[in-house]
Amino acid sequence: MQSWTDTLHFAFQPVVNLTTGGVTGLEILARPEAGDILARARREPELDGQLAVLAVRAAARKETLLPLHVNVFAGTLADLGGLTPLHNAVREAGRLPWEVTLDVVPPYTHVPQPALLEALAALRDQGFRISADGVGDGDAPLRLLVDIAPDLVKLDASLLARPAAVRAMRTLCDELGALLVVEGVETEPQCAAALSAGAQWAQGALFAPPSRLPAADVYVPHLGPGPEPETRSGPSVREFVRPAALLPVTASADQVRALLTGSPEVSGVLLVDRAGVPVRSVHRSRFLLSMSGRYGHALYADRPAAKLGDPPRTVGVDATAWEVLDVVAVGGRDRTSDDVAVVDRNGRCVGVVRLADLVRALAENQVEEAAGLNPLTRLPGSDAITGKADRRIAAGRTFALSWLDIDHFKQVNDGAGFAAGDELIRSVGAALQSAAAGNARVGHIGGDDFLVLADPEGLVPLAAAVLDAPWSAGGHPVTLSLATVLCRPGSVADHRQSAACLAPLKKAAKSLRGASWVVGHAGQAGYEIRRGVPPLAPAGTEAVGAEPGVG
């Protein structure tokens with residue numbers, strides 16, 4: 001009699017890093033030819049656990065080195081706990097638990113959450129990575145998602161029609177230390193939308209459809225740079241992580257040679273201890289050169305490969321690209337091409353980053369920034385500032401958007417000459433940049449107009465720095481006008497609305513005499529005069545209001 005396993009096969013679909021275009025792993029999908037095996041697995045935890053074991057064994061038969069993603073229903077984990085048979089199957093396949101990501105699949109309704117969280121904690125202690133699948137399209141409570149603290153969050157591509165939701169999920173992922181993945185990407189516009197909304201990984205038919213043979217080569221459309229990070233510390237190393245080739249620290253040199261010669265795409269091997277912590281790093285070229293030398297194989301083949309390795313270079317998963325470059329810069333030049341191991345909070349290896357990927361991304365970022373700089377002040381234009389404003393809006397953060405210009409600038413140019421005018425603009429821009437602290441960002445729109453994005457608590461010292469300075473051009477005193485709109489969460493939908501709120505404040509500031517500053521709140525009528533003399537006020541008086549704040 002034919003067993004249900006006889007009509008079952010598995011397909012593999014790549015998960016793609018949208019920054020590097022490389023494959024970060026393979027999701028293993030059960031494909032029964034007949035019957036309702038998957039529907040039964042949803043109801044029968046033992047069957048679902050058996051499917052997970054068969055998925056790992058199917059991957060072992062294909063001899064792929066890529067990390068694996070295995071689907072398990074949430075109810076199965078709550079019912080069966082640690083999935084001991086799966087752990088045994090991973091070990092028998094010669095894989096390490098941290099090379100396997102468990103995609104926790106909904107439904108979550110009626111699943112006992114304490115039991116689920118206990119099971120996930122046990123699996124994480126064993127080394128498995130955890131992915132929350134079906135988020136945004138399933139029934140995963142937000143509170144449970146936070147409690148799970150997954151390594152990955154997978155969203156359905158249908159949410160790309162609501163980019164604000166995807167951006168908000170990216171913000172939550174950043175807080176949880178998770179990567180954001182979009183599933184079901186089928187078109188290039190969807191891919192571009194995923195990258196624009198902040199997704200770091202993706203999978204779908206656009207890159208490669210599910211197939212019986214694991215695919216390492218995928219189609220990735222040419223895409224522009226993703227969202228610029230909020231700070232200037234550089235993009236996160238998470239965006240560049242590639243799968244690591246791992247072997248036990250006890251592996252022989254012949255075992256390493258077999259892996260390298262059979263996998264030309266592997267640039268190096270990390271030797272890890274039983275906990276998955278990198279102990280030695282074996283560089284492909286240096287290792288094979290040693291093995292291919294005279295008597296090399298005879299000398300080293302049966303000896304521990306660790307003797308031909310180097311101390312590993314490691315960074316944490318929260319490191320930035322610039323911090324990786326700092327690590328690479330330490331040591332001899334012969335190791336500049338070594339992979340850098342990325343480790344989690346327990347020191348376990350979760351992948352590697354390559355210097356070429358970092359240099360390429362940082363160079364593209366620098367070129368993009370340089371192209372948008374104003375040639376007079378070397379400050380970014382309005383697009384850079386408004387883009388950051390949009391990210392703060394999506395993240396639900398309060399911020400202040402300010403506009404500043406030089407009063408009667410045409411008269412400055414006419415009276416003192418354009419060279420003096422240019423010098424004054426450069427000086428004002430430099431003063432703004434010097435006064436900008438923390439997350440404040442300064443942009444030069446053009447002419448004598450500047451934009452400043454800042455936290456509300458940084459407004460007073462910034463305003464004092466530029467408004468109290470004794471400005472002059474050609475020996476004649478010059479004053480500045482500053483207008484600020486405070487934007488609380490929900491008060492504006494995007495940077496266009498914040499700019500619209502700023503326009504009447506700018507007009508009000510320009511109507512005042514002397515150095516002026518007015519502050520308003522998005523969505524509220526009226527404004528507060530912080531500096532400047534109203535046109536009808538007696539000379540020598542100044543309108544002073546309360547300190548601007550967020551309360």
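The values are calculated or read from the model by the stated rules, or taken from the named source; none is laboratory data. Keep in mind that this is a model prediction, so the values were computed, not measured. Neighbour counts run over all protein chains shown; Cβ positions are idealised from the backbone, glycine included.
Quick check: anything in segment 278-295 in contact with a Cys (Cβ under 8 Å, 6 or more places away or on another chain) and within 20 Å of Trp98 (Cβ to Cβ)? Among the residues of segment 278-295, at least one is in contact with a Cys (Cβ under 8 Å, 6 or more places away or on another chain) and within 20 Å of Trp98 (Cβ to Cβ), which makes the answer yes. Taking the stated definitions as given, is Asp357 at pLDDT 80 or above and in a loop (DSSP other than H, G, I, E, B)? Answer is no for this residue.
Whether any residue in segment 146-161 is β-branched (Val, Ile, Thr), crowded, with 16+ Cβ neighbours inside 10 Å and in contact with a Cys (Cβ under 6 Å, 6 or more places away or on another chain) is what I want to check. Taking every residue of segment 146-161 in turn, at least one turns out to be β-branched (Val, Ile, Thr), crowded, with 16+ Cβ neighbours inside 10 Å and in contact with a Cys (Cβ under 6 Å, 6 or more places away or on another chain). The residues of segment 472-528 that are surrounded by fewer than 17 Cβ atoms within 10 Å (Cβ to Cβ), more than 29 Å from the chain's Cα centre (by Cα) and part of a helix (DSSP H, G or I), listed by number, are Ala500, Ala503, Pro504, Lys507, Lys510. Out of Ser491, Ser472, one residue alone is farther than 18 Å from Ala509 by Cα, in contact with a Cys (Cβ under 9 Å, 6 or more places away or on another chain), in the same structural domain as Arg426 (by TED's automatic domain parsing) and of a type in the set (S, T, N, Q). It is Ser491. Listed here are the strands (runs of 3 or more DSSP E) enclosed by segment 99-206 that have at least 2 residues being modelled with pLDDT of 90 or more and more than 28 Å from Ala60 (Cβ to Cβ): 152-156, 179-183. From the list Thr76, Thr24, the one residue that fits, being of a type in the set (Ser, Thr, Tyr), crowded, with 21+ Cβ neighbours inside 10 Å and part of a strand (DSSP E or B), is Thr24. The residue pairs whose first member lies in segment 367-386 and is over 14 Å from Asp422 (Cβ atoms), whose second member is modelled with pLDDT under 75 and of a type in the set (S, T, N, Q), and whose beta carbons are closer than 8 Å, counting only pairs six or more residues apart or on different chains, are Pro380/Asn374; Gly381/Asn374.
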